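Undergrad: Input: one structure, supplied below.
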Amino acid sequence: MDGARGGLPPAVRAFDALAGAFDERFGAWESVAAQRRAVRRALLDAFPEGSSLIELGGGTGEDALFLAQNGCRVLVTDGAPRMAALTNEKARAASLEDRVTAACVSLENLDAWARTHSGSPFDGAFSNFASLNCVEDRRPVARGLARLLAPGRRALLVVFGPFCPGETLVLLARGKPRAAFRRLGRTPAPARLGGETFTVTYPAPRTLAREFAPWFRLRGIRGVGVFVPPSGAEPAVSRFPRVLGALEALDRAFARPLALLGDHVLLDFERTSAPADTP
């Protein structure tokens, strides 16, 4: 396994190393749960029961399992072998293996994989918690996704916001001024997780819209975690559930007008009629 991991992109190696502890580390944090609830409301609104979906960078399959419990079928793609294996294990344990399956496909290889995909087009696509921010060249991702969706289908992609005041305040309070303003930088920012170093980019929604054109048009955006604190504020935030509940209500009210201030931003794309091989 370690030899195979050596050929993976750096960010994929990081999350593969963390796979076994990922749910334990992040699953107990209420700020993460609150942001996940916001995304799930959008997913349920966009994809009705019976939809066939593909998830990009699906990690341990938490959102896929949730959608499966609500009548959808989901193919989870993730470049980390251990993440994909864990998703399949969880699907079997929940008796949802007929609705959730995972394939080891990295975002970097999505276009190549899509060229050989022999199944019917998916009814929609989604990605949660910023896996796209760990890929510097997203054009091949957009092209690959275009091969998998018919015109008119939607792709809900959740990425890091271009500026998060909550994160800035947390990092300044911890004496990390350079990290506090990293989202404003034009160059990839270094990150470290699972003993691996990789880079993260923070493109604005308009930049992502250009990268996904002409295959997708941006229908709208909404903030995720505008008032709900980022995970960097944990574990302190989880000690105040009533305060977090009030902040979550504010998020629901101001998700659209203050979208660009969210810890994450949900981009609602629609597949156009442009052929996938359009330059």
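Laboratory data are not the source of any read-out in this text; all were calculated from the coordinates shown. Bear in mind that the values here come from a model prediction, so they are computed numbers and not experimental data. Note that we place each Cβ from the backbone using ideal geometry, even for glycine, and neighbour counts take in every protein chain shown.
Undergrad: I'd like the per residue volume of the convex hull spanned by the Cα atoms of region 1-82, given in cubic angstrom.
TA: 98
Undergrad: Through the Karplus equation 6.51 cos²θ - 1.76 cosθ + 1.60, θ set to phi - 60°, convert the phi angles of region 132-140 into ³J(HN,Hα) values in whole Hz; use x for Gly and Pro.
TA: With coefficients 6.51, -1.76 and 1.60, one gets 5, 6, 8, 10, 6, 10, 9, 4, x Hz.
Undergrad: I'd like the distance between the alpha-carbon centres of region 36-63 and region 79-109, rounded to an integer number of Å.
TA: 14
Undergrad: Taking all pairs of different Cα atoms in region 83-227, averaging 1/r and flipping that mean, what Kirkwood radius in angstroms comes out?
TA: When all Cα pairs of region 83-227 are included, the Kirkwood radius is 17.4 Å.
Undergrad: List the GluC sites (Glu not before Pro) in region 63-112 that DSSP assigns to loop (not H, G, I, E or B) and whose Cβ has at most 14 other Cβ atoms within 10 Å. Which are they?
TA: Those satisfying the criteria are 97.
Undergrad: Report Rg (one decimal) and Dmax (nearest whole number) for region 2-271, counting Cα atoms only, units Å.
TA: According to the Cα coordinates of region 2-271, Rg and Dmax are 17.6, 52 Å.
Undergrad: Could you give the alpha-carbon Rg of region 93-159 over 2.2 N^0.38 Å, rounded to two decimals?
TA: Compactness ratio reported: 1.17.
Undergrad: Still on this model: So what's the back-of-envelope 222 nm ellipticity for the chain, counting only DSSP H runs of four-plus at -39500 (n - 2.57) apiece and dividing by all residues, rounded to 500?
TA: Theoretical 222 nm ellipticity from helices: -11500 deg cm²/dmol.
Undergrad: Using just the alpha carbons, could you tell me how many Å³ per residue the convex hull of region 150-250 encloses?
TA: Each residue corresponds to 151 Å³ of Cα convex hull volume.
Undergrad: If you don't mind, another one. Ordered by residue, what ³J(HN,Hα) values in Hz, to whole numbers, does region 10-17 give under the Karplus form 6.51 cos²θ - 1.76 cosθ + 1.60, where θ = phi - 60° and Gly and Pro are x?
TA: Each residue's phi maps through the Karplus curve to give x, 5, 5, 4, 4, 6, 5, 5 Hz.
Undergrad: Which ³J(HN,Hα) values in Hz, rounded to whole numbers, follow from the phi angles of region 32-38 under the Karplus curve 6.51 cos²θ - 1.76 cosθ + 1.60, where θ = phi - 60° and Gly and Pro get x?
TA: Working through the residues one at a time gives 5, 4, 5, 5, 5, 4, 4 Hz.
Undergrad: Additional query: Take the chain, connect every pair of alpha-carbon atoms lying under 10 Å apart with a spring to form a Gaussian network, then pick out the residue of 126, 227, 26 with the largest mean-square fluctuation.
TA: 26
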